[in-house]
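Worksheet: one structure, shown below.
The values are calculated or read from the model by the stated rules, or taken from the named source; none is laboratory data. All of these numbers come straight from a predicted model, not from anything done at the bench. With ideal geometry, Cβ positions are generated from the backbone for all residues, glycine too; neighbour counts draw on all protein chains shown. The area values use the complete protein model at the heavy-atom level, side chains included, leaving out ligands, DNA and RNA. Shrake-Rupley method; radii C 1.70, N 1.55, O 1.52, S 1.80 Å.
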Amino acid sequence: KLSTLKRFSVLLITGLMLVASGCGMFKDTKLEELYHDVTARYNGYFNARMLTQEVVEEVRKTHQDDFNEILSVYQFPSKEKAKQLTPKCDKIIEKCTRVLQKHEESKWSDNCYFLMGKARFYKGQHSKAIQMFRYVSSKYKERPTASRSKVWVVKTYLKQGNLTDARAMLTNIQSQDQFPQDLQYKLNLTKAAVAIQEGSYESARRQLRTALPAVS
């Protein structure tokens, strides 16, 4: 949650900018841009992000590993769990949609689209999730969410059992000139997940060992 001081500062800044924008003094200025960034960040997007964390944590808590089988890299919800998560996922989509309708030009727009993709994934709408992730990776090429979205495309294909397209997308990612270093461990985990599905366990082991320092 926001601290009292930070919450007060956000409310004060937002209030001042609302007055200014109402007067028409700061139309198409840096102050108006700041207004959209602040209100998008601390209103709908903040709440949607908190809900997404709740969804991820709920999946983690209810996931049960089968130690008679090779353990999966990712904890994906079952169809039954996806149905249970649908109300929260719908709220995430609703909140992000409102932010985008009111603050389309804010610097948090890509994050909202990304959260909507994850919400689609967790409620079991995998094709729509892929569409959303591909949209983010295409429109916001210079932002970290583009790379994160590409990894999620691979993860979604794996959830669908579509190993061919997962491998093709992974090859596309690897053909990039440079993948963000701070996200490299996520890519390594995805490589490991694909390798396990292919039965390439030695390759999976190498990728997991590489990613381990960042996730431990």
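With a point put 7 Å past each Cα toward its Cβ, work out how far THR171 is from ARG209 in nm, to one decimal.
Here the answer is 2.7 nm between the modelled labels.
How much of the accessible area of region 115-189, probe 1.4 Å, is carbon plus sulfur, in whole percent?
Working: 1580 of 3680 Å².
Accessible surface attributable to carbon and sulfur in region 115-189 totals 43 percent.
Using a 1.4 Å probe and counting only protein heavy atoms, arrange MET169, MET50 so the residue with the most accessible area comes first.
On the way: MET169 15, MET50 55 Å².
Correct descending sequence by accessible area is MET50, MET169.
Just to confirm, what accessible area per residue do you get for region 78-216 at 1.4 Å probe, in whole Å²?
Numbers: 7470 Å² over 139 residues.
Dividing the accessible area of region 78-216 by its residue count gives 54 Å².
Just how much of CYS96 is accessible, in Å², when a 1.4 Å probe is used and the result is rounded to the nearest 10?
Estimated to the nearest 10 Å², CYS96 gives 0 Å².
Could you estimate the translational diffusion coefficient of region 87-129 from the Stokes-Einstein equation, with Rh from the Kirkwood formula over C-alpha pairs, at 4 °C and 1.567 mPa s, in whole µm²/s?
Details: Rh = 10.3 Å.
Calculated translational D: 126 µm²/s.
Give the residue list of chymotrypsin sites (Phe, Trp or Tyr not before Pro) in region 50-109 that are DSSP loop and have at most 15 other beta-carbon atoms within 10 angstrom. Let's see the in-between values first.
Details: sites: PHE67, TYR74, TRP108; in loops: PHE67, TYR74, TRP108.
Answer by residue number: PHE67, TYR74.
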